[in-house]
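Remarks on the structure that follows.
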Amino acid sequence: MASQDANLKTYTGGCHCGAVRYSIEADLSGQPKASKCNCSICLKTNRLSLTVDRANFKLLSPASLDEVPSYQFSTRQQHHKFCDKCGIHCFLMGSYVYEGKTYHNFSVNAVTLDPDQGFDLREFKVTYWDGKAENWAAGQMEKPAAGGCY
Ligand SMILES: [Zn+2]
């Protein structure tokens, strides 16, 4: 169910060539929280992760999620959704198990949001995961962990 938060606004985004288009309902006022990670895939895509309620995400193009290519590896629990025409990683969806409990995650790559929609990526409050060491217990840190970058 979509959140009824009064500060939610609709923002659009997509890949570079326009084959993948989406919209989200999000509150990007002030200093929106986003994260980066030093794991093997996040580092190479330099993904700026913005967590979004799955219900607040709408795929505009192509017609179905199945038509957006997924890159999967390792446990294959995560679908790194990218455009196979221009190569841009747009969003991430999947599930993971942490301390015996299953969680579902959904995030967009915030740099794929269309510019000039009233938010400023420079204002995003970015925190950093140590995914490389799988040190999730450390939480989100102020600076990149070893092997990561800003
Ligand atoms: Zn594209």
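Structural remarks
- Cα centroid separation, region 1-66 to region 92-150 (Å): 12
- Total lysine pairs under 20 Å (Cα atoms) in the chain, excluding pairs fewer than 8 apart on one chain: 17
- Antiparallel %, DSSP beta bridges [both residues in the chain], to 5: 85
- Counting beta carbons within 10 Å around each of Arg21, Arg122, Arg76 and listing the fewest first gives the order Arg122, Arg76, Arg21.
- Dipole magnitude of region 1-101 about its Cα centre (Cβ charges: Lys, Arg +1; Asp, Glu -1), debye to nearest 20: 260
- Size of electric dipole in region 34-80: Cβ of Lys, Arg +1 and of Asp, Glu -1, about Cα centre, debye, nearest 20: 200
- Burial ordering of His79, His104, His89, His16, fewest other beta-carbon atoms within 10 Å first: His104, His16, His79, His89
- Under 5 Å between amide hydrogens, built in the peptide plane, is the criterion, and for Trp129 it picks out Lys36, Cys37, Asn38, Met141 among residues at least 5 positions away or on other chains.
- Remark: region 55-150 carries a charge dipole of roughly 160 debye about the Cα centre, counting +1 on each Lys and Arg Cβ and -1 on each Asp and Glu Cβ.
Each value in this text was obtained by applying a stated rule to the coordinates, not by laboratory testing. Fair warning: this is a prediction, and the values are worked out from it, not measured in the lab. We place every Cβ from the backbone using ideal geometry, glycine too, and count neighbours over all the protein chains shown.
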